[in-house]
Every structure is written in C-alpha cells, then in structure tokens.
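The values are calculated or read from the model by the stated rules, or taken from the named source; none is laboratory data. Here the structure is a predicted model, which is why all the values come from computation and not from measurement. Here the Cβ positions follow ideal geometry from the backbone for every residue, glycine too, while neighbour counts run over all protein chains shown.
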Amino acid sequence: MVNKDQIQDCTDRGWIVLAPNHRLCPQVNMLEGPIQDSRNLLEWIHAGELQEAIFSHTETHYPVNLNCVFEFGTSSGGTLALCLEDPVPIEGGVSLEGQRKGGPDFSNPWQAYVSTQTANGTVLDAVYPSGDLDKVDPIENLSPSFPPTFIAHGAEDRMVPLHISEALFSALSQHGVKSDLRIIPGEDHIFAARMKVGSQTWNLQREGSDFLEEPIK
C-alpha cells in the first residue's frame with residue numbers, strides 16, 4: 001500500500017519515513033483502535049523513542065527533528081492523518097484519497113466482510129458502533145491551530161465522493177488553516193498505489209510534499 005517511489009522522494013528530501021501498522025476494525029472500534037494507535041505512535045516519536053530505535057540499529061547519525069513531523073495517509077490512512085490531536089505538536093498532514101482497480105477477492109474473509117458492509121451501507125456501524133461520530137470526524141474537530149493540510153483526491157473516485165474532500169478543504173479555509181486541494185484527473189481510489197514517477201498524477205500529488213516542505217526550507 002505504501003508507494004516505494006513516494007518513500008524515495010521523501011528520503012531524497014532528507015526525511016525519515018516511518019510506515020506503521022495499527023489494529024483493525026471491527027475487533028476494536030475506530031477510535032480505540034486505529035486512531036488511538038496512531039496517536040500513540042506520534043507520542044512515541046515525541047518521547048524520543050524513534051531516535052533511540054534508530055541509534056540501536058545504526059552507527060550513522062540520523063537526527064530526528066521533532067519540530068517537523070508530518071502525517072501522511074492514503075484512503076483510511078488519510079483519515080488517521082487528520083485525527084491526530086494535541087498536546088502532541090504536529091507540523092502538517094497529507095490526505096491522499098484515491099483503491100486500485102479490480103474487484104474484491106471473496107475467498108478472502110476480510111475482503112468479503114468489508115465488501116458486504118460497504119454494499120449494505122453499514123461501514124460506520126461496523127467500525128464505530130457507538131454512533132457518536134463527532135469524535136472520529138476530522139471536520140468536527142477543526143480549529144485555527146489545526147496543522148497545515150494538503151488533500152489530493154481522484155476525480156473518478158468511486159469509493160469516497162469528491163465532495164467530502166471539498167467540504168474538508170472548505171472547513172479548513174473557514175478556520176484559517178493553511179491548506180490546499182488537488183483533484184487528480186482520471187484517477188480512482190488509492191491512485192498512489194499504481195502511479196508512476198513523472199506522470200501527471202505523480203507530479204500533482206508530489207505538490208503535497210512540496211507544500212509540507214515549504215515552511216522548513
């Protein structure tokens with residue numbers, strides 16, 4: 001799911017890239033599982049644990065700049081990037097919306113479960129049964145102190161409607177948050193998984209990294 005060319009682009013900028021795992025729904029709900037795991041990871045980084053982990057694996061000095069921490073995610077990962085909260089300081093985030101083509105593999109119980117919930121319109125009930133959606137809706141938790149945010153959304157996305165990202169961008173602007181939106185022509189959901197270096201899609205989504213890098217140059 002993580003595009004290796006994107007990782008290379010980040011390391012070429014001198015960034016340290018961390019690609020974590022998290023617990024999955026419905027074994028835990030969305031707030032207590034994936035969101036909390038992501039918040040715990042950010043706290044772990046700011047507690048100096050990432051720096052210690054790097055020191056334990058190499059003698060080369062790779063300093064972790066805790067004043068410049070970015071969150072980056074595709075699809076559900078984009079939502080998680082938008083759900084990290086104070087008191088941990090964060091510099092900015094990128095949400096890439098955009099699922100690779102092809103139908104689900106129904107021999108895989110997990111894909112069959114997800115497809116069933118999607119078809120029945122019960123995804124939110126499955127991942128957050130409490131129904132108090134304000135706690136997990138980024139747009140309901142915005143403030144002027146929200147970090148700079150860049151959104152990239154496929155124009156042909158059949159999984160997540162474009163108007164959701166447009167509403168988020170509008171809300172960010174209303175709160176005075178530095179933000180930008182790129183609508184990627186011809187792209188469906190999770191376009192980042194298959195994009196090629198040098199393509200129009202690559203160049204447009206790469207503007208998100210440029211957007212994050214600008215304040216630290």
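Annotations
- Count of segment 186-204 residues which are in contact with a strand residue (DSSP E or B) (Cβ under 6 Å, 6 or more places away or on another chain), modelled with pLDDT under 95 and in a helix (DSSP H, G or I): 2
- Some residue of segment 13-21 being touching a Lys or Arg at 6+ places or on another chain (Cβ under 7 Å), charged (D, E, K, R) and under 20 Å from Asp210 (Cα atoms): no
- So Leu80, is it crowded, with 18+ Cβ neighbours inside 10 Å, of a type in the set (A, V, I, L, M, F, W, C) and over 17 Å from the mean Cα position of the chain (by Cα): no
- Test: residue in segment 100-118 that is modelled with pLDDT of 90 or more and either over 21 Å from the mean Cα position of the chain (by Cα) or not in a loop (DSSP other than H, G, I, E, B) (or both): no
- Within segment 183-199, residues that are farther than 22 Å from Ala167 by Cβ reach partners that are hydrophobic (A, V, I, L, M, F, W, C) with beta carbons closer than 6 Å, at six or more positions or on different chains, in the pairs Met195/Trp202.
- Scan segment 8-61 for residues that are β-branched (Val, Ile, Thr) and under 16 Å from Ala81 (Cβ atoms) and the total you get is 3.
- Of the residues in segment 126-145, at least one is at pLDDT below 85, surrounded by 15 or more Cβ atoms within 10 Å (Cβ to Cβ) and part of a helix (DSSP H, G or I).
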